[in-house]
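The values are calculated or read from the model by the stated rules, or taken from the named source; none is laboratory data. Remember, it's a predicted structure, so these values are computed and weren't measured experimentally. Backbone-built Cβ (ideal geometry, glycine too); neighbour counts: all protein chains shown. Accessible surface is based on the protein model in full, side chains and every heavy atom, while ligands, DNA and RNA are left aside. Shrake-Rupley method; radii C 1.70, N 1.55, O 1.52, S 1.80 Å.
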Amino acid sequence: MMHRPPAWALDGSERLTLEGFLESFGTAWARTERRFLKLECWQSYREADGVRSQEAFQAGDTALARRLLEEEAMGDQPLRDDVRARNLEFTRMRLLSYPLTDYLRYEMINYEVRRRLGENIEFLLPPSPVEDYFDFLLFDAHTALIHDYGPGPVGHQSGGWVTHHPKTLHRLLDIATDLRARGERVHPLNDTSHQSRI
């Protein structure tokens, strides 16, 4: 199945509902002192019901989608302020596969908005098929949250898993390190070299 976390990643983890996932995020975030890393792999997602920006984009109103994404992004300003106040390394790693899906065309507007607000986003073409990777959040070396987006082909979060297992945390960090070392960095927001593939 697409983007499913392997058995080693879930060994010793705790299964979470969507509400439990959000609660665990808050707990882990409060303990984070140095680094937060988010790896995003799915090429198509279905956002939570009522996300107006995605609805507008799907309806063909890109201008409205952008305005709504700007409003949604401002809702995360307290998080960005916290990152600055605590001097945290905050990185989103987004894996891409060309041509971009309709969802990622929508997300590119979101990434553009959020980068303008100061978020650090790295775009990578992975060295292995993008389906081999899975989404996770890594908080320093104490906690990881692993998403459950279902069997695909369109991801829709139903919950996930939390782990504090040291070997798992090290292997997750190794995934990010390997992607940075062997993946191809691309700049879809300001680089025209890949436009023909988009």
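Among the residues of the range 138-150, those identified as assigned to a strand (DSSP E or B) and either hydroxyl-bearing (Ser, Thr, Tyr) or in contact with a Ser or Thr (Cβ under 8 Å, 6 or more places away or on another chain) (or both) are Phe139, Thr143, Ala144, Leu145, Ile146, Asp148.
Restricted to the range 100-115, and to residues there that are under 10 Å from Glu70 (Cβ atoms) and of a type outside the set (D, E, K, R), the residue that is surrounded by the most Cβ atoms within 10 Å (Cβ to Cβ) is Asn110.
Does His147 fit the bill of being in contact with a Gly (Cβ under 9 Å, 6 or more places away or on another chain) and over 18 Å from Ala9 (Cβ atoms)? Reasoning before the result, please.
On the way: in contact with a Gly (Cβ under 9 Å, 6 or more places away or on another chain): yes; over 18 Å from Ala9 (Cβ atoms): no.
No; evaluated as a whole, the condition is false for this residue.
Total residues in the range 133-150 satisfying the condition of being open to solvent by 10 Å² or more (accessible area, probe 1.4 Å), touching a residue at least 12 places away in the same chain (Cβ under 8 Å) and not hydrophobic (A, V, I, L, M, F, W, C): the figure is 6.
List, please: which pairs have Cβ atoms under 6 Å, are six or more places apart or on different chains, and start with a residue in the range 151-177 that is without any contact (Cβ under 8 Å) to a residue 60 or more places away in the chain and end with one that is assigned to a loop (DSSP other than H, G, I, E, B)? Note: pairs meeting the criteria are Leu169/Ala141.
In the range 41-60, which residues are more than 24 Å from Gly150 (Cβ to Cβ) and touching a helix residue (DSSP H, G or I) at 6+ places or on another chain (Cβ under 9 Å)? Break it down into steps so the answer makes sense when it comes.
Initially, the range 41-60 is screened for residues more than 24 Å from Gly150 (Cβ to Cβ), giving 56, 59-60.
Result: Ala56, Ala59.
Looking at Pro127, is it within 29 Å of Ala56 (Cα to Cα) and surrounded by fewer than 17 Cβ atoms within 10 Å (Cβ to Cβ)? No.
In summary, strands (runs of 3 or more DSSP E) completely within the range 1-95 and bearing 3 or more residues that are open to solvent by less than 30 Å² (accessible area, probe 1.4 Å) occur at 35-40, 89-95. Of all residues in the range 151-191, those satisfying the criterion of being in a loop (DSSP other than H, G, I, E, B) and under 28 Å from Glu112 (Cβ atoms) are Gly152, Pro153, Val154, His156, Gln157, Gly183, His187, Pro188, Leu189, Asn190, Asp191.
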